[in-house]
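All remarks here apply to the structure that follows.
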Protein chains: 2
Amino acid sequence: MVPAVCIVGLSGSGKTTLVEKVVSELTRRGYAVGTVKHDVHGFDIDREGKDSWRHRKAGSRCVVLSSPERLALIREVEEEWPIERIVATFLDDVDVAVVEGYKGAELPRIEVIRSGVSSEPASPVDENLIAVASDMKVECGRPVFDLDDYVSITDLIEEKVIRPGRSQTVTLVVDGRPVALKPFIDNLLREGILGMIRSLKGCEDPRSVELRIEKK
Amino acid sequence: MVPAVCIVGLSGSGKTTLVEKVVSELTRRGYAVGTVKHDVHGFDIDREGKDSWRHRKAGSRCVVLSSPERLALIREVEEEWPIERIVATFLDDVDVAVVEGYKGAELPRIEVIRSGVSSEPASPVDENLIAVASDMKVECGRPVFDLDDYVSITDLIEEKVIRPGRSQTVTLVVDGRPVALKPFIDNLLREGILGMIRSLKGCEDPRSVELRIEKK
């Protein structure tokens, strides 16, 4: 999975504004950024009578629209997807995912605390809470950044989220010959396969995986 | 890649209506169906001022919205994605993809020909054109179905697109133990890995693939 950081906070705290600033700064620094917005109340993106709406009403579980400039996808789900699955599925070719919401996720998290909205973290003060961004003093045993200091907040994301190293090696042999892998493909294979295999019973934390595909 | 069929035809021929009927019938027969609509003129799905729009304007290359009922994704692309990439990326967990448009794709194709709009196939009469659906007689050396006979058209899709067999075996060994694979995971691993590996130089048509992931 690509590195991801959650920007959380109560409604009205300014999450979207901080996401905008951080995404902008990460982009300026050369990173390809993807974002996720958690919308517990649902959203309406597909208008009645449009072709995408007609596909969906006919029974399509997943409607994709494709144009030369843009791709869109609308997909009904039976239960809410965990953020890890969303990032692994849709954001596999960015350098970093900036996520708005998901305060309960097992991902590094920055909470926005705005005076008049709240005065202490609403999300758990656990090892995932890497910092607080606020317009006032907050005592919670975590680094507190000024809400407008998106440059330092982005520095922290680079240091704590984007840069930490990898812990597995990938070897690919095709028709008996080893194949050199660029970092993007290396990451795609490792995370894609481990993600699938971890969902299998008894394979939650594999030390080694060996996979063979052979023509009959 | 999951099996896919393209429904093509000139503007006004009734592609979307046939897609609706076929998707509906495939769903009734128990298949999980995904759809793709090719929109060469682009589409506007993301409204100014909405949070998804704000994420995108800040530089996010891929914005995902997630709610308990629905997922949506809006992604800018530098060039149009081939349909094969769209299906492999977004429709990996359906049984069949019904695609509206993409008449030049290397996929099985059914062309809709409506009297008053055209009288002969506008797409190539090649091995991919598996049938024509029309409200009149068409001579083109391909089976011609009545435009309203979506049951027979769906039969053909089942026979020619969904059922053709597989030609590779997949073996998975985790920590030295072979792991039994259900068809869905088998297919996911095979198609996912082959898809990635075929994009590597010199690996376009591998007879065997061996992949090892080991903890350092």
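A few remarks follow.
- Filtered residue count, the stretch B:113-144, keeping only those that are under 18 Å from the mean Cα position of the chain (by Cα) and β-branched (V, I, T): 1
- Here A:R207 does not qualify as modelled with pLDDT under 80, at the interface with chain B (Cβ under 10 Å from one of its Cβ atoms), crowded, with 17+ Cβ neighbours inside 10 Å and out of contact with any helix residue (DSSP H, G or I) (no Cβ under 7 Å at 6 or more places or on another chain).
- Hey, A:E214 more than 19 Å from the chain's Cα centre (by Cα) and closer than 21 Å to B:R190 by Cβ or not: yes
- Some residue of the stretch B:8-17 being of a type in the set (D, E, K, R) and in contact with a Phe, Trp or Tyr (Cβ under 7 Å, 6 or more places away or on another chain): no
- For the stretch A:169-204, residues that are facing chain B (nearest Cβ under 7 Å), buried (at least 17 other Cβ atoms within 10 Å of the Cβ) and not hydrophobic (A, V, I, L, M, F, W, C) total 2.
- Subset of the stretch B:68-84 [more than 7 Å from chain A (Cβ to nearest Cβ) and touching a helix residue (DSSP H, G or I) at 6+ places or on another chain (Cβ under 9 Å)]: B:E84
- Among the candidates A:D126, A:D148, A:D135, A:D93, the residue that is within 14 Å of another protein chain (Cβ to nearest Cβ), more than 26 Å from A:H41 (Cα to Cα) and of a type in the set (D, E) is uniquely A:D93.
- Only residues that are facing chain B (nearest Cβ under 7 Å), out of contact with any Lys or Arg (no Cβ under 7 Å at 6 or more places or on another chain) and of a type in the set (K, R) were counted across the stretch A:36-65, and they come to 2.
For every residue, the table says whether it meets (1) in contact (Cβ under 8 Å) with a residue 40 or more places away in the chain; (2) under 30 Å from B:M196 (Cα atoms).
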{"position": "B:P3", "(1), (2)": "yes, yes"}
{"position": "B:C6", "(1), (2)": "yes, yes"}
{"position": "B:G14", "(1), (2)": "yes, no"}
{"position": "B:T17", "(1), (2)": "no, no"}
{"position": "B:K37", "(1), (2)": "yes, yes"}
{"position": "B:R47", "(1), (2)": "no, no"}
{"position": "B:K57", "(1), (2)": "no, no"}
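- Within the stretch B:101-142, tally of residues that are of a type in the set (S, T, N, Q) and either in contact with a helix residue (DSSP H, G or I) (Cβ under 7 Å, 6 or more places away or on another chain) or farther than 30 Å from B:R85 by Cβ (or both): 3
- Selection of the stretch B:116-137 for residues being among the β-branched types (V, I, T) and more than 18 Å from B:S11 (Cα to Cα) yields B:V125, B:I130.
- Number of positions in the stretch A:125-147 that are basic (K, R) and within 14 Å of A:S115 (Cα to Cα): 1
- Every residue from the stretch A:88-114 that is assigned to a loop (DSSP other than H, G, I, E, B), hydrophobic (A, V, I, L, M, F, W, C) and over 17 Å from A:R190 (Cβ atoms): A:A105, A:L107
- Per-region count, the stretch B:167-193, residues under 17 Å from A:G195 (Cβ atoms) and either part of a helix (DSSP H, G or I) or under 26 Å from the mean Cα position of the chain (by Cα) (or both): 13
The values are calculated or read from the model by the stated rules, or taken from the named source; none is laboratory data. Computed from a predicted structure; not experimentally measured. Every residue, glycine among them, receives a Cβ derived from its backbone with ideal geometry; neighbour counts consider all protein chains shown.
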